[in-house]
Each structure stands twice: as C-alpha cells, then as structure tokens.
1. When the C-alpha atoms of the range 228-282 are aligned to their principal axes, what extent does each axis show, in angstrom, from largest down?
2. With the Cα gyration tensor of the range 72-144 giving a ≥ b ≥ c as the square roots of its eigenvalues, does the rule (a/c under 1.5 for rounded; else a/b larger than b/c for prolate; else oblate) give rounded, prolate or oblate?
3. If I histogram all Cα-Cα distances within the range 89-227 using bins 10 Å wide from 0, what percent of pairs lands in each bin?
4. What are the extents of the Cα atoms of the range 185-225 along their three principal axes, in Å, largest first?
5. What does the extension gain come out to for Thr105 and Thr162, with contour length at 0.36 nm per residue minus their alpha carbon separation?
6. What are the radius of gyration and Dmax of the range 141-288, computed over its Cα atoms and given in Å?
7. With a Cα-only, solvent-free Debye model of the range 165-235, what are the log10 I(q)/I(0) values at q = 0.24 Å⁻¹?
8. Working out 0.36 nm times the residue gap between Thr277 and Glu82, then minus their Cα-Cα distance, what length gain in nm do you get to one decimal?
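Taken together, the values in this text are just the output of simple stated rules run on the coordinates, not laboratory data. Here the structure is a predicted model, which is why all the values come from computation and not from measurement.
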Amino acid sequence: MTPPFLIAGDAGFTVGAPAAATIPGAGTTTAVVTFHATTLGPQHATLTITSANGGTRQITLSALAVDTTAPTVTVPADITVEAAGPSTTVDFSASANDLVDGPTTPACSPASGSGFVVGTTAVTCTATDLQGNSASAGFSVTVTDHTVPSVTVPANITTEATGATTPVSFTVSARDLVDGPITPVCTPAAGSRFPVGTTPVTCTATDAHNNRASAGFSVIVTDHTGPTISVPGDITREATGATTPVTFAATASDLVDGAVTAICAPASGAAFLVGTTADYLHGDRRAP
C-alpha cells in the first residue's frame, strides 16, 4: 500500500500518483492512479491489478486534498478626486475570488466610504479564504485641493472726512473648503487713514495649498463740512472823512485743508461810509 500524499493546489485539481504491486507468478506490475478531488480532506481509492494469467491483487491508495492557494484580489486603479472639505468621502469597489470558496469580500484599510485628507493615501485590501490563505492588493487615493477660498468684503463705504485723512475700519472674512476660516490681507488695511475721494481696497486670501482669491470694495471719503471762520467783534470808528478806511483781521480753518484764506467783503482796509456796514466772509474753497 502506498503512503498518503498531498495533492498540490486546490480541490478540483487532478493529480496522478504511482502505485506498484507484485502478483505471484506474474512479477511486478506498475500502474498510475489518478485522484480527482472534489472536496478537501482525505481521498481514498482501491486499485485492482489483474495479470495475464488471471492473478489479481488489490491495494488501497489514500491522498489528502488541501487548499494552499490564496484568493485573487481585484482593486480599482488609483483614484484622484478634488477635496470637498477637510476630509473627502471616497467610495470604491474591491473584490476577491477563491478557487475553493468562490467569491469573497476583501477587507480594505481605509475602507470604502472613509474620509480622505488632501494628499495621497495608500489603500490595502486583503482577502482570506476559509483555509486561512491570504492575499492583498493595493491602490492609492489622491485628494487634490485646487479650489480657491471664498472672500467676503463689505459694500462700498462712504464716510465724512474728519481731517486731512480719515481712519476707516471695516471687517472682511474668508473661508476655505479644506482649511476653514482664514484671514485675508487687505490693502489698505482696516483702520488705515484715507484721503478725501475714492480709494479702492483689495483683500486677498491664500489657503494652505497656495490657492488664492481676492475681492474688493471702495472707501469714499466726502468733505461736506465748511471751515470755521474767526472774525473780530463789531468795530466802531469815528469818521475821518466822507469815507473812513478800516482794517481788521479774519481767519479760517478747515478740517481737511487746515488754514484757508478768509475773503471779506468789504475787505480789510476798505473805505466805509458813515453808518453800519455788514461784512461777509468766505473761506472754504469747496464752499459754494
């Protein structure tokens, strides 16, 4: 009787094994016994050898069908997606098939449906059959960030001048899909001093992956405030003739322009008639 032997491969493989027997009066006869295993485990067969002179001999052969072949794992090609947030959900499909067990589900790490951060993440999928044979396959998930931040600026700002330049404060913000809130840089910056007129302001936000976006608005400083005029008190003079020259000093100061010239009518040094004369002054060059 031959000793047990192993069938290499999975159940269903056909493997031949030699068997020899000696029949009295007929010498030694050699035959090949073929096992075709349909299940795992011990396999048995009885071999009957008959010689030309009618002699027979029976021997029993045993074999052990084993499964040493790992499953075949199928994974997708490398995946590239654009970021949808700090982490991006990525779904994929992986499968495995085993010669003995048939289709089986591989375990992937990270799993399908996981959140992936910006960059390249290796995914490994492993399948194990019922006999403990394992196989793995891998691919990469690459999450890119090409989306610029969103910049929020105020509407155009109009304010009245408080001096030659006027400080103006404002609030701006920016938000990025991946990085969340970020601080934009504005030129001129909030709190800067603005001259009379219209000044454009540009605010730029840059995320961690150097995606940049800008938004703008205008600061309009108006000057509708007249100057402050200083005149002397009422003047009384004794006539020195049909008309009498009278001199006086008047000044004017403007929030924006500073000292300006006061124009008096009649002017200082003019000749005044006997009686009371009203004098009018104009000082702001922006005054009507």
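1. Principal extents (Cα only, largest first): 43, 16, 13 Å.
2. Prolate, since a/c reaches 1.5 and a/b exceeds b/c.
3. 11, 24, 17, 13, 11, 10, 7, 5, 2, 0
4. 49, 15, 8
5. Working: separation 57, 0.36 × 57 = 20.52 nm, distance 7.47 nm.
Answer, rounded to one decimal: 13.0 nm.
6. 27.8, 105
7. Relative scattering, expressed as log10 I(q)/I(0), comes to -1.03.
8. This chain segment gains 61.9 nm when fully extended.
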